[in-house]
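A quick write-up on the structure given underneath.
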Amino acid sequence: VDAAQDPEFAVFRRLAEGAGLLQVQVEASQEEGQVAVRVATTNHRAAHPFPIGPFDLQETWLRVRLLDASGAVLASIGELEGLRVDPQAPRLGARELDAQGLPLQRHRLHELARIEDKRLVWPGQTLNDEVRLVLPEEVTGALRVEAEWLFRRVNPDFARFAFEDPEAVQRFGVHPVGGSTVPVVSAPSGD
């Protein structure tokens, strides 16, 4: 049987090429020199919470970009700064800490004392985030917002330890797991 013609394969392929693991709904409105972005994220495909796995290794974060009509980025949150994720970006996952309250190093799970800031999206659950982006002065024309959850299996600290190379994290790539793009609407005036 040709895999491309197999109905079960076709269902899998539709899922793999679809909206992503996370369904993302975005509202963006222009308000007093800023763009307020509200992001509703639903785990609509996994039968388990997302993300799962070793939180001390992986990273999942929300990148939000304000784009002009040509697609140029005017403002953003959640960009990579060098090899690091913008610390202001909303995240999923958790912080795994040792007995001194420090993040686990070198994936030493036997030193795990507690988990903090745990934020997972359970099957069918929706989480809400809001970010504000500063609107550059004298911007004209149509604007849109792109919100996308990104996943990286290995963080820079572990990659440096495991491969003895600060750039090794790039081998694992950054993978989109859900996103959406919407036009920015002007907030109603208070007149």
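The values are calculated or read from the model by the stated rules, or taken from the named source; none is laboratory data. Bear in mind the structure is a predicted one, so any value in this text is a computation, not a measurement. Counting neighbours? That spans all protein chains shown, and the Cβs are built from the backbone with ideal geometry, glycine included. Areas reflect the complete protein model, heavy atoms only, side chains present, ligands, DNA and RNA absent. Shrake-Rupley method; radii C 1.70, N 1.55, O 1.52, S 1.80 Å.
Looking at Glu148 and the list (1) modelled with pLDDT under 85; (2) in a strand (DSSP E or B); (3) of a type in the set (D, E, K, R), which single condition is not satisfied?
Failed condition: (1).
Is it fair to say Ser70 is of a type in the set (S, T, N, Q) and in contact (Cβ under 8 Å) with a residue 12 or more places away in the chain?
It is false that Ser70 is of a type in the set (S, T, N, Q) and in contact (Cβ under 8 Å) with a residue 12 or more places away in the chain.
Just to be sure I understand, how many residues within the range 92-139 are of a type in the set (A, V, I, L, M, F, W, C), closer than 30 Å to Glu31 by Cα and more than 24 Å from the chain's Cα centre (by Cα)?
1
From Phe163, Phe151, Phe158, which residue is more than 19 Å from the chain's Cα centre (by Cα) and within 14 Å of Gln58 (Cα to Cα)?
Result: Phe158 is the single residue among Phe163, Phe151, Phe158 that is more than 19 Å from the chain's Cα centre (by Cα) and within 14 Å of Gln58 (Cα to Cα).
Within the range 169-191, can you find the residues that are open to solvent by 70 Å² or more (accessible area, probe 1.4 Å), under 23 Å from Asn128 (Cβ atoms) and modelled with pLDDT under 90?
If the condition is that a residue be open to solvent by 70 Å² or more (accessible area, probe 1.4 Å), under 23 Å from Asn128 (Cβ atoms) and modelled with pLDDT under 90, then Val185, Ser186, Pro188 are the ones that fit.
Between a residue in the range 177-190 that is within 15 Å of Glu146 (Cβ to Cβ) and any residue that is open to solvent by 30 Å² or more (accessible area, probe 1.4 Å) and modelled with pLDDT under 80, which pairs come within a Cβ distance under 8 Å, given they are 6 or more apart or on different chains?
Gly178/Ala19
Those residues that are in contact with a helix residue (DSSP H, G or I) (Cβ under 7 Å, 6 or more places away or on another chain) and either open to solvent by 70 Å² or more (accessible area, probe 1.4 Å) or closer than 23 Å to Gly33 by Cα (or both), I need them from the range 139-168; list them, please.
Matches in the range 139-168: Arg160 only.
In the range 163-175, how many residues are out of contact with any Phe, Trp or Tyr (no Cβ under 9 Å at 6 or more places or on another chain) and either outside any helix (DSSP H, G or I) or in contact (Cβ under 8 Å) with a residue 24 or more places away in the chain (or both)?
7
Just the residues that are surrounded by 15 or more Cβ atoms within 10 Å (Cβ to Cβ) and assigned to a loop (DSSP other than H, G, I, E, B), please, taken from the range 113-138.
Leu120, Leu135
Across the range 22-55, what is the total count of residues that are over 29 Å from Ala113 (Cβ atoms) and assigned to a strand (DSSP E or B)?
Selection size over the range 22-55: 19.
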